[in-house]
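Novice: For reference, the structure I am asking about is given below.
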Amino acid sequence: MINEQKERDFIMMRPMKLAGSELMFGRGCLEYIRTIPEKRIFIVTGGSSMEKSGTLAKVESLFHDNGAETTVFRGVEPDPSFKTVGEGAEAMKNFRPDLIVGLGGGSAMDAGKAMWVYYEHPELTTLDDLLTAKPFPKLRKKARYLCIPSTSGTASEVSRSVVITDDEKGLKHGLGNMEMMPDIAICDPEITITMPPHITAETGMDALTHALEALVSNRANYLSNILAEKAALDIVRTLPIAYKDGKNIDARELMMNASMTAGMAFTNVSLGIVHSLAHAIGGYFHVAHGLANAVILPYIIRFNSAEPYARKAYAGIAGLLGQEDLASVIHGLNEALKIPANLSEIIPDEAGYLKLVPELALAAKNDGCTKTNPIIPEPAQFEELLKLVYYGK
Ligand SMILES: [Fe+2]
């Protein structure tokens, strides 16, 4: 058959949007800041890593050279809370920025996006106001949004999504709308040079999971497949190099480009149950997102292989890598990155985990990523999968 996609029943294709209006990538592209016309710049960042590495000072000075004024909102936590979003939005209302910058990992970029929505729309006051807003609030009356990622993984710089934690109920909420696609993305690999090896490994495996889940998504299309396939191949080949030698700028650049490319695929065709399970487990046991994805990924490749389209797509990637079995390739990659083969090594409280399995299974079943997985499991199958990823057999 000429068009292999015809082998599958497709949900109607949705409009593709690959990035905002300006997408910069490659070493040194941070200098692009000099051309940005806005003059009141509100920078949102996480812990102290951007300060320590000197990146924050460099970003501010590039804006200052341009005659712009900057202010910094520091301390966005991993899994950013609605409380933090509210504080940031209040600070924005006082400063009145015309450009908001998310600088750091996924948490800083996501929190900045959510703050932006509340800044543009002061009539929204609760998390529920945003989660239930229909139609999604229009943005850009007050400010544009710029992302500068410091990791090669989440791809929030080219995505329409945010994950915000309801600090009162302790629940993570994923929310996606193309309105939140950043206007400008500056993906400069030099910023990622100081990333420690375990963060390189975990965020890189998050990016690989994005590529492989987009590849077999039941919304996958001609263009998303090109992006997902190339990103997956580059990550499998390059991540061990970036992990071993963080100063290797060629490897860092390829990882950043591949992460961004995987992001373009998944923000359009969505993900699958590796993410559904990682969201559930991460929410209850606070396992880092990329680490949870890395451990779960090979088991779900095996599970999804029962579906012919997914089996063929995985075999295609394995073949291009000169291998036969993609799940084994991922197991080997995890080993090289010193990532455990199952969750029992990360969550030692076996009884506590087993007690929560039914609840985790329901959370995974209801996760927004489940509906685009090649096979949509029932809660009982999710329970089996949760035990499989815990014990590894
Ligand atoms: Fe992810």
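Novice: In the stretch 361-384, which residues are touching a His at 6+ places or on another chain (Cβ under 8 Å) and part of a loop (DSSP other than H, G, I, E, B)?
Specialist: Asp367, Cys369
Novice: Right, another one. List, please: which pairs have Cβ atoms under 7 Å, are six or more places apart or on different chains, and start with a residue in the stretch 16-33 that is farther than 16 Å from Ala155 by Cβ and end with one that is open to solvent by 30 Å² or more (accessible area, probe 1.4 Å) and among the β-branched types (Val, Ile, Thr)?
Specialist: As it stands, the answer is Arg27/Ile249, since those pairs meet every condition given.
Novice: What pairs come out if I take residues in the stretch 143-167 that are at positive phi and pair them with residues that are within 11 Å of the ligand (Cβ to nearest atom) whose C-beta lies under 7 Å away, six or more apart or interchain?
Specialist: From residues that are at positive phi, the pairs are Ala155/Ala207; Ala155/His210; Ala155/Ser259; Ala155/Ala262; Ala155/Gly263.
Novice: A further question on this structure: Six or more apart or on different chains, Cβ under 7 Å: which pairs go from a residue in the stretch 305-316 that's modelled with pLDDT of 95 or more to one that's open to solvent by 60 Å² or more (accessible area, probe 1.4 Å)? Could you list them?
Specialist: Between residues of the stretch 305-316 that are modelled with pLDDT of 95 or more and residues that are open to solvent by 60 Å² or more (accessible area, probe 1.4 Å), the close pairs are Ser305/Arg311; Tyr309/Glu7.
Novice: Do you know which of the residues in the stretch 216-237 that are in a helix (DSSP H, G or I) and open to solvent by less than 10 Å² (accessible area, probe 1.4 Å) is farthest from Ser270 (Cα to Cα)?
Specialist: Ile235
Condition check ((1) in the same structural domain as Asp234 (by TED's automatic domain parsing); (2) open to solvent by 10 Å² or more (accessible area, probe 1.4 Å); (3) more than 30 Å from Met13 (Cβ to Cβ)) across all residues:
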| position | (1), (2), (3) |
| --- | --- |
| Ile330 | yes, no, no |
| Ala336 | yes, yes, yes |
| Asn342 | yes, yes, yes |
| Ala351 | yes, yes, yes |
| Cys369 | yes, yes, no |
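Novice: Let me ask another. I'd like to verify a number: residues in the stretch 28-45 that are aromatic (Phe, Trp, Tyr) and either open to solvent by 70 Å² or more (accessible area, probe 1.4 Å) or under 19 Å from Arg74 (Cβ atoms) (or both), how many?
Specialist: Residues flagged as aromatic (Phe, Trp, Tyr) and either open to solvent by 70 Å² or more (accessible area, probe 1.4 Å) or under 19 Å from Arg74 (Cβ atoms) (or both) within the stretch 28-45 amount to 1.
Each row is one residue, and each column tells you yes or no for (1) at pLDDT 95 or above; (2) among the hydroxyl-bearing types (Ser, Thr, Tyr).
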| residue | (1), (2) |
| --- | --- |
| Arg34 | yes, no |
| Phe42 | yes, no |
| Ser61 | yes, yes |
| Gly67 | yes, no |
| Ser81 | no, yes |
| Glu87 | yes, no |
| Pro97 | yes, no |
| Gly102 | yes, no |
| Trp116 | yes, no |
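Novice: Given the options Arg40, Arg34, Arg27, name the one that is more than 25 Å from Lys142 (Cβ to Cβ) and away from the ligand (no atom under 16 Å from the Cβ).
Specialist: It is Arg27.
Novice: Something else now. Look at Met205 and say whether it is more than 16 Å from the ligand (Cβ to nearest atom) and either of a type outside the set (S, T, N, Q) or in the same structural domain as Leu62 (by TED's automatic domain parsing) (or both).
Specialist: No.
Novice: Which condition breaks for Asp183 when tested against (1) crowded, with 17+ Cβ neighbours inside 10 Å; (2) within 16 Å of the ligand (Cβ to nearest atom)?
Specialist: So Asp183 meets the others, but not (2).
Novice: On to the next question. Please count how many residues of the stretch 288-325 are more than 13 Å from the ligand (Cβ to nearest atom) and either of a type outside the set (Gly, Ala, Ser) or closer than 16 Å to His210 by Cβ (or both).
Specialist: Going through the stretch 288-325 one residue at a time, the tally reaches 22.
Novice: Follow-up. Can you pull out every residue in the stretch 78-123 that is open to solvent by 20 Å² or more (accessible area, probe 1.4 Å) and closer than 13 Å to Phe42 by Cβ?
Specialist: Hits for the stretch 78-123 are Glu87, Glu90, Ala91, Lys93, Asn94, Phe95, Arg96, Asp98.
Novice: Looking at the stretch 306-323, is at least one residue within 20 Å of the chain's Cα centre (by Cα) and of a type in the set (Asp, Glu)?
Specialist: No, the stretch 306-323 has no match at all.
Novice: Checking the structure you have, find out if any residue of the stretch 332-355 is under 15 Å from the mean Cα position of the chain (by Cα) and not in a helix (DSSP H, G or I).
Specialist: no
Novice: Across the stretch 252-280, what is the number of residues that are under 19 Å from Ile347 (Cβ atoms) and either touching a strand residue (DSSP E or B) at 6+ places or on another chain (Cβ under 8 Å) or more than 13 Å from the ligand (Cβ to nearest atom) (or both)?
Specialist: Of the residues in that region, 2 qualify.
The values are calculated or read from the model by the stated rules, or taken from the named source; none is laboratory data. What you are looking at is a predicted structure, and each value in this text was computed from that prediction instead of being measured. Cβ atoms come from the backbone with ideal geometry, glycine included; neighbour counts cover every protein chain shown. Remember, those area values only see protein heavy atoms, side chains included, never the ligands or the DNA or RNA. Shrake-Rupley method; radii C 1.70, N 1.55, O 1.52, S 1.80 Å.
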